[in-house]
Each structure stands twice: as structure tokens, then as C-alpha cells.
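Only the coordinates and a few stated rules stand behind these numbers; no lab work does. Because the structure is predicted, anything quoted here is derived from the model rather than measured. Please note: Cβ atoms are built from the backbone with ideal geometry, for glycine as well, and neighbour counts cover all protein chains shown.
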Ligand code: BES
Ligand code: ZN
Ligand code: ZN
């Protein structure tokens, strides 16, 4: 979808679908709706009066142009109650529009910037949210079918219109940033939606190298066996696919010694290993690399948006499979840090690969760590698909991430890291065990395990087991991968 910004009034713009908006409960039309209304001889005002246009968030009323508009049809999209309007409402309204355009096969959409008039939102931020909602909302995974679904139709042009020339520059800036960010999130979604035979550790590593090359970033691809990454290798042992650890480094502030490490869990398929998972829904475990996909998505746009930070993305990659070579419950692995780990449950594999990746990130000079992982089923029980769990040793960073998450529609909720949880991860025969036998408080005990490898480095762990994928489309999220938390982390890098 190509995105343009034009200085033109709504009645004059040519497109297959012109979009104006209306707030729930408002008797008066907004400025753009008013001028369109005039060209349609009072049709919109009449429909508002009769309650057919009620302004509910995301609700769309289509009107064919039988008047003096240059556009083929008009869509009035509801923005919800004005006092509740925020940037996420703009994203939702935009997503509803692109999906309506798909339904009616409109090739071009011309839209006013929602929320920037009577809504009082900053026009640059509103333009960014509008484009994010459109690009995220129109996304569908292409898939592999020979017979393509009609649902894959998309408008090829989105034009943001504004009649006041002084606002155009801000709209352009917001729209461009929104496009870059949403496209990165869609890239992450594509990786997560791909099945494990198409997205192997080797394939993911190759793709990472390709992305690093395009972005002119330093790229490292390692054989974990040669590096002494025994925790990562203990997971890989049961699989015929060789494991890999890749790192991509962006230097946006070369004078600074600060380096943020983004570490993403990259299990391209989690069968559970010898502690085999039940077969029902096991296919969903192709998405156990959503943390890795988010990290790669984020790294892919840093050269475009140029935050003044140094960032290293570290991605451990492997399958978790059962076989005659696989790690067995009770086995002991020696991690890169030297700490030994008793593997109680081979299905608690994410923390094993993260342990070595975190140690590696520290060796590469990380001064702050954020790890992103589909780590525990317990996090889904606690928070559902509404919020990611966030746990760590740095309340300031956690507070910033929670605030940013709330603003960009990627909620996070803090769970505790009490010493009791660390106690629960102590082994009788090794430094640590990878799972407590009770299974209690698994998001916190999982984080407690990781904290041993993090040490004193400021750190936040994001458990995205519940938020990485959806079984039902909602707002600007489509069924399948969500791309969480690409936007939140980018906003954090740009704003803190
Ligand atoms: N990949 C799973 C967690 C998961 C479950 C993600 C469902 C998405 C949906 C992880 O590797 C796992 O199996 N965790 C175990 C840990 C336990 C054995 C301590 C779990 O949560 O059951
Ligand atoms: Zn597992
Ligand atoms: Zn897993």
C-alpha cells in the first residue's frame, strides 16, 4: 500500500473511497464531514439525526456519491466518544476502513487525519497512528495456497488529505514514521506465521544476515557448539536442524558506552522435547520464535529511523525435538556462563537458550537487557492475550515500558521477582534447575532462572506467550501473529 499526503479538500479529492469521521453522541458534524455533507445535499446530517450514523468506534457507513464529490463513495467512520479518543482509537478506525475497502474492492482510499480536529490529538502523532492502523489492519499472511484467497485484496493507495497547507509537513513526518514502524511489525508477523519447515534456525539466520546487509549493520552468526553454549546446545540436541546464534548490531551513538541488548527466544518449533507436549494445538508451537521475530523486526528498521542509541539484537535459534539424541529429564548442561543447569523439564527450553544468549549479550558489552520470549503457559493463564507479562530488576525501565505499551496498544503488566522464586530454581546437583517441580508461579520462576544469568545488569523480561498470537481478529490485529512488542520497543528506543 503506497502512502501519500495531499493538500486538498475532501470534496475535491479523487479516489474510490473518501473517508471522514463522526464522534459517538455528537449532534454536530466535524469540519470535513460538514463539507462532504454539503456536497451530498445534507445526506450525512440526516443519517446522523436518524441514528443510522452513530459514531461507534470502527463502525462504518458507506454512502455512494450521488452528489458533487469527486470520490466514488464516502465512508463515515465512527471514532467513539470524543472524551475517550486516543491514538489507539485512531488505529482502530483506520483498520476498520482498510478492511471495508477490501470488502468493497476499493483500490484507493483518501482519508482525513482522524482525531486531529475536534479530537485535539497532535496531528503528527494522529497521522502516524492512522498509517499504523491502516498498514497493520490490512495485513494478511500470504500463505502457500495455490488458489489465492480473495481476502488478500488490498487497496494500493492511501492518501492522507488536509486542506491547510501548514499542517502538511507534520502529516508527512508522522505518516512516514508510522509506515516504517508498522511494516517492521508486519515483517515480524510474517516470520511468526511461517511454519517451522519454512522457517528453520538456518533459514532464520540467513534472513537475519540479509536484513543486516540491507540495513548496513554488523552481523555475527555463530555455531553455538563451537562457542561453548551448552544450555542452547542441550535444547538443540534432539533435532536434525543445526542451531545458530545470530547478533545484529546498530550503533546510533558511537560516543556512548551504553548498549541495549534485545534478546529474542527463537525456538522455531517447540514439541516439548522428551517432556513431549500434548498433540492438541501443538501446531501453534511454530510460533515459539515470536520473540526472535520481534527482535529481527526491530533491528530491521533502526537504520531508517536512526534512534541515538546503541542496540544489539541477539537471537538464539533452535528446534526443541524428542529423539534418541535428545536431552533427557535429569540431564545436566553447562551454560556459556559456566553455571550448570539440571534439566528437569525439557519443555522449559526457552530459558535455556535465553541463558546463553544473555551471557553472550553481556560479553558483547550490553549495559541494559530486554529479553522477549513466549516463555510460559502460566503467563497466558494470568493475563490472557490482553497484556504481556513484564518482570525484571529495573523498575524504572519497566515503568517506562509499561507506559509506552499502554500508549501504543501493546499492554504490559508487571509480575514479581521475589527471592522465593529464585530459591525455587536451585538444584541439588547443579547451580540451577530449569523448572520447579510444583509448576507454581511459572512466569516468575522462569524470570528468576534468567536473573541468575543477567546478574546486576538492568533488565526487563517480556513474556509474550499470550500476546504473540491471536485466535480471533480484533481491532487492527488479525488472527495469527500480532507482532508484539515491536512497536512498544521502538517507541521506547525513540523516547527514552
Ligand atoms: N513455548 C512454551 C510456552 C508457551 C505455551 C507459549 C503456550 C505459547 C503458548 C514454553 O517453552 C513452555 O513449554 N513452557 C512451560 C514451562 C514449564 C515446563 C515450567 C510451560 O509454561 O508449561
Ligand atoms: Zn517448551
Ligand atoms: Zn517454548
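Tabulated values for the structure
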read-out: Sequence of 300, 436 once ranked by neighbouring C-beta atoms within 10 Å, starting from the fewest; value: 436, 300
read-out: Approximate spin-label separation residue 396-residue 173, in nm, with each point projected 7 Å along Cα-to-Cβ; value: 2.7 nm
read-out: Folded to 0 to 90 degrees: helix 168-193 orientation relative to the chain principal axis, Cα; value: 40 degrees
read-out: Euclidean distance between Cα centres, region 120-171 to region 102-118, Å; value: 8 Å
read-out: For region 377-449 and region 276-352, distance of Cα centres in Å; value: 16 Å
read-out: Theoretical gain in end-to-end length, residue 281 to residue 7 [0.36 nm per residue, Cα-Cα removed]; value: 93.6 nm
read-out: Cα long-axis angle, helix 290-299 against the chain (0 to 90 degrees, to the nearest 10); value: 70 degrees
read-out: Ascending count of other beta-carbon atoms within 10 Å, so fewest first, for 160, 417; value: 417, 160
read-out: Rounded to 10°, Cα long-axis angle of helix 123-138 versus longest principal axis of the chain; value: 70 degrees
read-out: Cα pair distances exceeding 18 angstrom across region 329-485, given as percent; value: 58 percent
read-out: Using a Förster distance of 51 Å, the FRET efficiency for residue 419-residue 303 (Cβ separation, nearest 0.05); value: 0.75
read-out: Likely footprinting exposure, 388, 134, 275, fewest C-beta neighbours within 10 Å first; value: 275, 388, 134
read-out: All-pairs alpha carbon distance profile, the chain, 10 Å steps from 0, percent; value: 4, 20, 28, 22, 14, 8, 3, 0, 0
